[in-house]
1. For residue D:56, go 7 angstrom from Cα along the Cα-to-Cβ vector, then report the distances to that same point in the other copies in nm, smallest first.
2. Send over the per residue convex hull volume for the range B:111-248, Cα only, as a whole number of Å³.
3. For the protein assembly as shown, count the residues as N, evaluate 2.2 N^0.38 Å, and divide the Cα radius of gyration by that value, please.
4. Run through the DSSP bridge list for the protein assembly as shown and note the antiparallel percent, rounded to the nearest 5.
5. Say a label goes 7 Å from Cα toward Cβ at residue B:3 in every copy; what distances in nm does this one have to the rest, shortest first?
6. Taking a label point 7 Å out from Cα toward Cβ, give me the nm distances from residue B:153 to the same spot in the other copies, shortest first, one decimal.
7. In whole Hz, what ³J(HN,Hα) sequence does the range C:97-103 give by Karplus (6.51, -1.76, 1.60; θ = phi - 60°), x for Gly and Pro?
8. Could you state the angle between the C-alpha long axis of helix B:213-225 and the longest principal axis of the C-alpha atoms of chain B, as a value from 0 to 90 degrees rounded to the nearest 10?
4 protein chains.
Amino acid sequence: MSTGIRVTVWNEGVHEKELPRCKELYPDGMGRAIGRYLEKQPGIASVRCVELDDPDQGLSDDILDTTDVMTWWGHCAHDRVTDENAAKVQDRVLNGMGLVVLHSGHMSKPFRRLMGTGCMLKWREWRGVGERERLWVVDPAHPIADGIPEYIEIPHAEMYGEHFDVPQPDQLVFISWFQGGDVFRSGCCWHRGLGKVFYFRPGHETFPIYHQEEVLEVIRNGAKWAAPTRVRGGVQRGNIEPPLEQIS
Amino acid sequence: MSTGIRVTVWNEGVHEKELPRCKELYPDGMGRAIGRYLEKQPGIASVRCVELDDPDQGLSDDILDTTDVMTWWGHCAHDRVTDENAAKVQDRVLNGMGLVVLHSGHMSKPFRRLMGTGCMLKWREWRGVGERERLWVVDPAHPIADGIPEYIEIPHAEMYGEHFDVPQPDQLVFISWFQGGDVFRSGCCWHRGLGKVFYFRPGHETFPIYHQEEVLEVIRNGAKWAAPTRVRGGVQRGNIEPPLEQIS
Amino acid sequence: MSTGIRVTVWNEGVHEKELPRCKELYPDGMGRAIGRYLEKQPGIASVRCVELDDPDQGLSDDILDTTDVMTWWGHCAHDRVTDENAAKVQDRVLNGMGLVVLHSGHMSKPFRRLMGTGCMLKWREWRGVGERERLWVVDPAHPIADGIPEYIEIPHAEMYGEHFDVPQPDQLVFISWFQGGDVFRSGCCWHRGLGKVFYFRPGHETFPIYHQEEVLEVIRNGAKWAAPTRVRGGVQRGNIEPPLEQIS
Amino acid sequence: MSTGIRVTVWNEGVHEKELPRCKELYPDGMGRAIGRYLEKQPGIASVRCVELDDPDQGLSDDILDTTDVMTWWGHCAHDRVTDENAAKVQDRVLNGMGLVVLHSGHMSKPFRRLMGTGCMLKWREWRGVGERERLWVVDPAHPIADGIPEYIEIPHAEMYGEHFDVPQPDQLVFISWFQGGDVFRSGCCWHRGLGKVFYFRPGHETFPIYHQEEVLEVIRNGAKWAAPTRVRGGVQRGNIEPPLEQIS
């Protein structure tokens, strides 16, 4: 991976067209806000931004074949992602592609397929203003926490609260505190097959959270952590004969 | 749970009708061999045996409504389980029902949906005779290992080998050694939603493994471990307003 | 374990003699407040309350030999527990005894020895009044959450905040929210050797937290979860010859 | 970490002086055999080899201050490492230094302190020749498995068998199969405080295992995985006042 990872930023891109506040905050889309940050980072070789309305929903084989890590943001159009494409993304992850799922992406088809659970949670967007969130690092030895302060404060955020219906994370990196009285497992890591999945909570279509440096730093760290690693010669499955040892 | 758990033993029941060796070993089916053992065990209130050819594939609401823990054995007819029924079993687990998945059930629809991974593995049924397997307890503090010897030896078994494409178990209880040179994570525990899943490797349609006392003891322990527990008042999800704390 | 578990409640018992507020809240000690609740619970065969000032610091072989699960509360006199006794408790846990560590017991010698880490955390006892704490269940499938509401509210509590320097819990059952802006992993489970350890945060010498029903219910559930289970014939370690299989 | 990690290879260095077979295999010690491989690897900035008989047992502050990751091999002289030095190594790990513990290092003082358990296991050195071992990758998405084949075969090895008395690994990368009928969790990862610990089983004073390429590759990957990462500004612990949020 000496030349760095190739990131594809997948963005639903619907709110940006419909909500004036979203358009104002992210004139060319949340995806590009994230992409612009990532493409300047050491260790990242290339960044490509795609959207749901792109040909093949931005999920063609050509694109996937040249993606090491995909970030995923979706919210109001999860259902428009075809089942075929959702299965394809799941399959790519199981074969090594990293996946960084952001905010409301917790209900996206690829994430739900990979988790096997409902992925629902509590939520509240209080009076359009949201509430204060503070993400605390609970695993300071984790590479995703590298260079991140011990907490990140987000002044206005939609609340996500427990119980978050996902499998116990293999590693839990952040826990969020919310002003309204809730907590949330905000940075969760899982290995799935040959691939890795990082869920990171922050972000919203009507808050400038993807302009906040520390949030972008975590997304970058997550992408690096999720970079593919490869067993030499691959992993064999299926009927294996003869055995490696003689069976008497 | 003072009066004990209600177990439903789900058995595919196809090999028993088609393979003479299977019929000979399990004249009334593998499911009933397991059921007969379980129904005599303290802490188990009732056992019901159902099969794929039963009405509603043995998965009617009536049955599921009165099931605390389901054991699942399938192999050659995974595809005949309808997607609706597979989704129903998954949903029941996420709402608290325990699931004990046996042997080739690793490729069953409900298990694959709950895992989110391919669930494939290496396998070998050597010359019809199989090979020796030894399951070692690696977590002797786990309730599923209670009363089980530090290893279980199975004289003739189909081999299952790594890589087993499942999420890292929340708790790994057994690792298998195989004569032919392979190892396997043979006893794996996961929490999923409000429910619990235990995968246990031993068993086969042409070996008398479900007549082996220690194997049955583990299935019993697994069923007890997977018994539903309930958060008082249930778990709320969705839009939660107003907040518990005042947001200034 | 049909006749139930034998619990020993170990209580430091120093604050009770020195702090008027502590004496007022717990006239015969925090330990006995916990013990009185536990001894009425189904599944608990017997409860014995011991203190640091007892003969052998309440940790004689006689006592340990007849203890299935020990609960531990200490704070200002951790150092007075002898290293020999701390090693003894650690050794008992590794051989199967359950340990439920409460509140400031996070800095006790037995807990620190079992964790291998510093076990330090952030803390704040705000103006003697404390602050509101809310413990959220994050693993509703866990037996320790059985019958517990989805959150427990404690009106006045000392704050404990992250980073809590313990190994990643094998299972995380509760996360605390604090009014002052902090979060904490409040209910943590670990297997250690043949034994189990549950750390539960609530409790304090100057707050009536051990009179709160839900807190006591969790301690009871923790004690039951930590009850010893036994591998049949025990676990062998050391030089094992000859091998089980012939080595050609 | 752009200029790479600084590795200190700590080697007991006693067998090399006393056992002719060990001297023959490793004329300048096992430590230097490992060090020579590591120093040529990209991403590793420097390698220093130290031994028990060095000044300060090779564990002076000067050395530790300039060590990112330490590898540790010991066997017959665990007790000669002073308690002060063992505590110092533990403390360094809790503050970020990576530790890669090799083979019989499982009973070393620093490892046992960090684990909190007995760390014992089954072992057998069969007729001086040992037996065949095969390490299977069970987590092919893990960076330590990067570039490693799906199994590593070691023709002559001392057997280590379960139950291995360590905490459940945060991530389990390898499981060993042994000819004599045993299995072992051979590649185990843990986070501890701000640091990371990797235990890797292979190696022995009388087998040429540290001349085997794949074994050295795993040690290199382990060192890279264990490299320190840093929370910006560090982690605060202790009494924290005033609170971040106003407490009404």
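Every number in this text was worked out from the coordinates using simple rules, so none of it is lab data. These numbers come from a predicted model, not from an experiment. Cβ coordinates were reconstructed from backbone atoms using ideal geometry, including for glycine residues, and neighbour counts include every protein chain displayed.
1. Between copies, matching label points for residue D:56 lie 4.4, 5.8, 7.3 nm apart.
2. 156 Å³
3. Compactness ratio reported: 0.91.
4. In the protein assembly as shown, DSSP labels about 50 percent of beta bridges as antiparallel.
5. The projected label point of residue B:3 is separated from its counterparts by 2.7, 6.9, 7.4 nm.
6. The answer, with the shortest distance listed first, is 2.6, 6.1, 6.6 nm.
7. For the range C:97-103, the Karplus-derived couplings read 5, x, 9, 10, 9, 10, 6 Hz, x marking Gly and Pro.
8. Helix B:213-225 sits at roughly 10 degrees to that axis.
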